[in-house]
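Reviewing the structure listed below.
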Amino acid sequence: MRGFFAVVRREIAERRNVFAAAAVCSVLPFFVPGGRQEIRLYAAAISAVLFAAAISLLLGASTIGRDLSEGRLGFYFTRPIGSGAIWAGKLAAIWLQAVLAAVIMLVPVGVFDFSAWWRETRSGGLVADVAIALAFAVLVSLAVGNVVSLAFRARSAWVAGDLVCLALWGLAMWFAARPLLLADTPVLTLRLGLATLAACSVALLAAGGAQVAFGRVDAVRGGRARFVVLWVLLFAIAGLTFGYMRWLLSPAPQDLREIRIEAAAPRGSWIAIEGYARGRVDLRASLFYDVASGRYVRARAGREGAIAFFGDGTAAAWTERSHLDERAPRDIWIGRFTDGGARRLRTPMTTTASNITMSPDGSRLAVIEEHAISVFDVPSGRLLASAAKDPARHYLRLVFLTEQTLRIYRMDPLPPSATVDEAPGPGLASIGIVDFQIDARKLKETATIENLRRTFSLAFNDLGERLIVWEKGGQVSLFDASTGRRLAALGSGGWDAGSRGGFLSDGRPIVAESTSGNGRVHLFSKQGREERVFDLGRAGVVRMGGEPAQGQITLAIEPVKELGASEAFLLDLNSGAVRKLGAHLFPIVAHMRWRIPQPEPGSEATRLFARADGSVVRLDPRTGELKAILPKR
Amino acid sequence: MRDDAFPAALQGVTVRYGRVTVCEGVTLSVPRAEVYALLGRNGAGKSSLLRCLLGSQKPDAGRALLFGRDAWKERTDLMARVGVVPEEPDAPPAMTARQISDFCRRLYPRWDEKAVAERFARFAVPSDTPFARLSKGQKGEVMLAVALGHSPDLLVLDDPTLGLDVVARRALYEELIGELADRGTTVFVTTHDLAGIEGIATRVGIVKNGRLILDEETETLKSRFRRIRYGNRMTETRTAYGTELDAFEAVRVKVRGWGVDAVVSNFDEASFEHFRAIDGISDAEATAMSLEEIFMALGADAEAVRPAPDGAGQTEGAS
């Protein structure tokens with residue numbers, strides 16, 4: 001250590017004018033226009049970090065490489081000082097000088113504006129932020145300056161190898177990190193970026209150390225040692241990054257901390273789930289999971305927007321970002337569950353798809369994106385037709401009437417900020433029904449439902465035959481979804497009064513409501529004639545679940561005094577019997593983000609329930625058997 | 001090998017820079033209290049050997065030993081017993097002579113600050129002038145003073161008189177002689193100043209094209225080398241030239257207008273008397289040779305055949 005401290009002392013003494021420069025620069029924040037304490041503080045903090053980084057870069061570039069090229073490293077090597085002490089002493093001196101220079105720059109403002117310092121540190125952690133920024137800035141600048149200087153001052157052929165390796169390494173890191181960047185995970189990306197930066201800096205420093213330790217004053221041998229150590233370490237980091245990325249982007253369903261049900265297959269037992277996975281910070285995993293077998297297919301990390309299952313439940317379509325450029329086209333992926341494979345359809349879409357609809361036979365696929373509605377041929381991936389959207393209108397739903405005709409439901413007008421579920425402000429809205437002739441590429445206005453008062457919610461049946469509209473003031477109406485003709489009033493208790501509803505799998509409307517704390521379910525014919533009313537007793541909000549069997553429907557009932565704590569019930573539509581299935585259970589069919597096509601009676605999704613802790617269970621209404629599905633504990 | 005019997009030794013040292021071999025299989029030993037002068041032209045490989053000996057460069061083959069220990073592996077410990085005067089004074093430019101001494105004081109347990117200060121005074125070196133602003137001679141004197149500051153057991157000098165004027169060169173040799181007289185320090189020196197080192201070196205090695213072609217005590221070397229000049233003519237009984245020097249190992253023979261000028265490497269008086277008696281040999285005289293003349297006669301002055309390698313650390317071309 002004697003040698004180390006001697007080198008440190010010597011190197012600092014050699015460049016003590018750095019402190020004088022820092023002292024001069026420390027008064028600059030007082031000349032920042034505005035003169036507010038906070039502005040001065042942050043100006044001082046930023047300039048101190050930048051000054052320290054610049055000093056580290058300059059001194060790092062001059063310390064060993066320059067000594068070596070000017071033949072002055074021998075002064076140390078002919079003394080009883082270890083190679084490590086020479087290298088570490090020189091770099092430690094620079095590190096110390098940079099940090100002390102930064103402290104000198106911060107002192108005047110710190111003293112003058114001490115109260116602001118204290119306030120910002122307590123509220124915003126200013127001191128910790130500056131310390132972290134300073135540590136990184138000095139470490140990275142010192143490492144980069146030192147190794148780049150060593151490489152170029154050696155004037156050896158290894159520099160050419162360095163440039164080639166740098167290009168290859170950059171490519172490797174880019175390909176390793178790109179999926180994470182596509183996944184839009186700012187926290188994870190920042191943490192990994194900083195960790196990678198720190199690891200690379202350590203690798204750079206180690207390479208500089210290897211040059212001094214193995215080459216000493218021999219620049220050729222030292223250059224070789226530096227080259228080998230540098231690129232072995234950097235490619236090892238690239239390999240680790242690649243492996244870590246693979247792990248990050250490969251979560252299993254069991255890794256999800258809490259599960260959001262995105263959609264469920266209309267037939268079979270596949271569901272689409274999403275959630276934050278353990279050890280992956282803010283990375284949202286998106287998977288398709290087979291409840292029956294436990295198999296799963298993973299969507300890539302860039303999945304976004306709508307999901308649509310094929311009618312037979314054996315495949316699903318979704319959109320992904322494939323480019324970091326926000327304006328670049330999105331891809332549609334078709335995942336087939338039978339073989340676990342996925343196929344990409346390249347599209348001209350430049351925004352996320354808000355809706356994906358499959359034709360009944362799965363041969364065609366229609367998407368609503370921000371600017372257009374497009375139809376693709378699934379087997380070939382070819383764009384068949386595209387229709388520009390009217391930016392003033394809100395597009396609600398697509399239905400394939402035939403392979404050649406796509407029906408489009410749109411709302412007009414709506415305030416720019418409106419959504420389907422929450423249309424703010426007064427006024428009237430209308431729903432336009434438009435048929436898109438795919439081969440002819442023509443749009444034809446079929447019908448309009450006019451004078452809807454501040455529409456709150458809509459429900460379509462799967463075939464696009466019927467439409468339920470919840471209007472302002474409690475009006476609940478059934479419409480013919482082809483002609484726009486109002487068929488019947490389904491109730492007067494509106495959305496605000498807890499009215500919820502939809503269609504059974506046979507196309508009959510069903511509406512639940514709660515008035516004066518009593519819940520009821522109204523079942524109608526397809527023409528809107530009330531067939532039966534089921535009294536549920538005391539109930540807050542009643543939501544419809546799935547049909548675990550034909551003639552049965554699960555309900556989620558929130559108690560009047562405990563809204564949010566859902567209890568699951570089974571309603572037998574034939575006998576009118578209501579049976580409690582369990583507390584704190586919520587049918588996932590009522591919980592899904594993408595509900596069309598609706599799961600068929602008896603499909604697995606109708607027996608799945610979400611719990612408050614984010615887990616999913618399977619409850620067989622017939623036997624009462626409860627089984628944990630995800631996450632498995 | 002005893003630890004201190006041979007303070008410096010090279011065992012089959014080979015140094016390569018890429019495909020260029022600078023030194024090959026160099027073996028030599030420097031006995032204690034000897035002054036070993038390693039001679040050779042620029043690019044002969046002297047500086048590379050010196051760097052290996054000081055543990056600053058790892059040989060591609062062979063070992064460099066200091067006090068019987070591997071110089072590369074144990075450099076840090078060994079340097080405490082070695083003083084080094086580099087070819088190019090390499091102290092940090094901003095350091096003054098006093099600061100250099102102060103820096104070294106912390107590193108050497110045996111540091112004699114007073115003796116160093118006295119040397120600075122004797123050399124008339126300004127103690128508070130930055131090293132970069134000292135003259136070439138003063139820089140050399142500072143380096144010598146510092147190299148002797150811890151009373152080293154081995155003093156290594158890499159062409160210490162390069163670029164020095166006569167006065168500075170003399171001062172350096174006087175200091176060296178004084179040190180040798182006082183302490184019997186072992187010295188290993190590479191130099192081009194053959195005349196200057198001749199009176200000091202007790203042993204000489206000559207490197208040519210990376211190989212050690214001679215390694216011998218100076219006195220022995222000088223006693224066996226002679227320059228012989230003689231007239232040479234035919235007589236009735238002598239019908240051919242060229243056999244008259246058969247009793248000697250002729251290193252160089254030049255036929256000139258007045259006769260023959262030869263250098264022999266195994267001179268002895270008896271053989272010379274016999275040579276003089278050969279029919280047709282006239283005016284034969286044998287003269288002693290200086291180290292420089294021997295160096296020239298051996299052809300060690302011939303251009304090194306290998307180019308100095310690029311990026312070979314310190315200035316290889318000025319060894």
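The values are calculated or read from the model by the stated rules, or taken from the named source; none is laboratory data. All values derive from a computational prediction rather than experimental measurement. As a convention, Cβ positions derive from the backbone with ideal geometry for all residues, glycine included, and neighbour counts pool all protein chains shown.
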Selection count, segment A:34-65, where residues are under 30 Å from A:F152 (Cβ atoms), more than 14 Å from every other protein chain (Cβ to nearest Cβ) and small (G, A, S): 8
Qualifying residue in segment B:135-152 (condition: more than 25 Å from B:R75 (Cβ to Cβ) and of a type in the set (A, V, I, L, M)): no
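Okay, residues lined up against (1) over 17 Å from the mean Cα position of the chain (by Cα); (2) more than 30 Å from B:V116 (Cβ to Cβ):
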site	(1), (2)
B:D159	no, no
B:G163	no, no
B:E179	yes, no
B:V204	no, yes
B:I228	yes, yes
B:G242	yes, yes
B:E249	yes, yes
B:V263	yes, yes
B:N266	yes, yes
Residue that is surrounded by fewer than 23 Cβ atoms within 10 Å (Cβ to Cβ) and of a type in the set (G, A, S), where the choices are B:A97, B:A61, B:A71: B:A61
Helices (runs of 4 or more DSSP H) wholly inside segment A:82-165 that include at least 3 residues being modelled with pLDDT of 90 or more and buried (at least 22 other Cβ atoms within 10 Å of the Cβ): A:83-112, A:126-153
Qualifying residues in segment B:107-127 (those that are surrounded by fewer than 16 Cβ atoms within 10 Å (Cβ to Cβ) and within 14 Å of chain A (Cβ to nearest Cβ)) - the one nearest to the chain's Cα centre (by Cα): B:R110
Failed criterion for A:A263 (all others in (1) more than 14 Å from chain B (Cβ to nearest Cβ); (2) more than 22 Å from A:W594 (Cβ to Cβ) hold): (2)
The lone exception for A:L192 - which of (1) more than 13 Å from chain B (Cβ to nearest Cβ); (2) crowded, with 17+ Cβ neighbours inside 10 Å; (3) at pLDDT below 90 it fails: (3)
Single unsatisfied condition, B:A80 versus (1) surrounded by fewer than 19 Cβ atoms within 10 Å (Cβ to Cβ); (2) in a helix (DSSP H, G or I); (3) free of Cβ contacts under 8 Å to residues at least 40 places away in the same chain: (3)
Where a residue in segment B:86-102 is more than 7 Å from chain A (Cβ to nearest Cβ) and under 9 Å from B:F131 (Cα atoms) and its partner, wherever it lies, is small (G, A, S) and assigned to a helix (DSSP H, G or I), with Cβ under 6 Å and at least six apart: B:P93/B:A132
Long-range neighbours under 8 Å by Cβ, at least six apart or interchain, first residue farther than 21 Å from B:P7 by Cβ within segment B:151-177, second surrounded by fewer than 16 Cβ atoms within 10 Å (Cβ to Cβ): B:G163/B:K136; B:L164/B:K136; B:A168/B:K136
B:R19, sole failed condition from (1) in contact (Cβ under 8 Å) with a residue 24 or more places away in the chain; (2) of a type outside the set (D, E); (3) surrounded by fewer than 17 Cβ atoms within 10 Å (Cβ to Cβ); (4) more than 8 Å from every other protein chain (Cβ to nearest Cβ): (1)
Odd one out for A:Q211, checked against (1) more than 14 Å from chain B (Cβ to nearest Cβ); (2) over 30 Å from A:R284 (Cβ atoms); (3) of a type outside the set (S, T, Y): (1)
Enumeration of residues in segment B:1-18 that are assigned to a loop (DSSP other than H, G, I, E, B) and either modelled with pLDDT of 85 or more or closer than 17 Å to B:G55 by Cβ (or both): B:D3, B:A5, B:F6, B:P7
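Among the residues in segment B:23-44, are any touching a residue at least 12 places away in the same chain (Cβ under 8 Å), acidic (D, E), more than 10 Å from chain A (Cβ to nearest Cβ) and over 23 Å from A:L68 (Cβ atoms)?
yes
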Odd one out for B:K73 among (1) away from every other protein chain (no Cβ under 11 Å); (2) within 20 Å of the chain's Cα centre (by Cα); (3) part of a loop (DSSP other than H, G, I, E, B): (2)
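Can you tell me how many residues within segment A:612-629 are charged (D, E, K, R) and buried (at least 17 other Cβ atoms within 10 Å of the Cβ)? Write out each step before concluding.
Step one: of segment A:612-629, the residues charged (D, E, K, R) are A:613, A:618, A:620, A:622, A:625, A:627.
Narrowing the set further to residues that are buried (at least 17 other Cβ atoms within 10 Å of the Cβ) leaves A:618.
Adding up the residues that qualify gives 1.
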Wholly within segment B:86-170, helices (runs of 4 or more DSSP H) carrying at least 3 residues that are within 20 Å of A:L73 (Cα to Cα) and modelled with pLDDT of 90 or more: B:97-105, B:136-148
Set A:G243, A:G215: member being touching a Leu at 6+ places or on another chain (Cβ under 9 Å) and free of Cβ contacts under 8 Å to residues at least 12 places away in the same chain: A:G215
For B:C52: the one exception among (1) under 15 Å from the mean Cα position of the chain (by Cα); (2) within 18 Å of B:D215 (Cβ to Cβ); (3) at the interface with chain A (Cβ under 10 Å from one of its Cβ atoms): (1)
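Residues checked against (1) of a type outside the set (D, E, K, R); (2) more than 30 Å from A:I39 (Cα to Cα); (3) more than 14 Å from every other protein chain (Cβ to nearest Cβ):
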| site | (1), (2), (3) |
| --- | --- |
| A:T78 | yes, yes, no |
| A:L91 | yes, yes, yes |
| A:I94 | yes, no, yes |
| A:L100 | yes, no, yes |
| A:V147 | yes, yes, yes |
| A:V164 | yes, yes, yes |
Looking only at segment A:512-547, and only at residues there that are at pLDDT 90 or above and among the polar types (S, T, N, Q), the one that is surrounded by the most Cβ atoms within 10 Å (Cβ to Cβ): A:S525
First in segment A:1-20 and facing another protein chain (nearest Cβ under 8 Å) and under 16 Å from A:Y76 (Cβ atoms), second anywhere and β-branched (V, I, T) and part of a helix (DSSP H, G or I), Cβ under 9 Å, 6 or more apart: A:G3/A:I86; A:G3/B:T76
Qualifying residue in segment A:24-33 (condition: surrounded by fewer than 23 Cβ atoms within 10 Å (Cβ to Cβ), under 24 Å from A:A143 (Cβ atoms), more than 9 Å from chain B (Cβ to nearest Cβ) and touching a residue at least 24 places away in the same chain (Cβ under 8 Å)): yes
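Determine whether A:A48 is in contact (Cβ under 8 Å) with a residue 40 or more places away in the chain and of a type outside the set (D, E, K, R).
It is true that A:A48 is in contact (Cβ under 8 Å) with a residue 40 or more places away in the chain and of a type outside the set (D, E, K, R).
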Only one of A:L230, A:L256, A:L240 that is surrounded by 22 or more Cβ atoms within 10 Å (Cβ to Cβ), away from chain B (no Cβ under 14 Å) and more than 26 Å from A:A612 (Cα to Cα): A:L230
Criterion violated by A:R343 - all others in (1) crowded, with 22+ Cβ neighbours inside 10 Å; (2) in a strand (DSSP E or B) satisfied: (1)
Filter result for A:L68 (at the interface with chain B (Cβ under 9 Å from one of its Cβ atoms), buried (at least 23 other Cβ atoms within 10 Å of the Cβ) and assigned to a helix (DSSP H, G or I)): yes
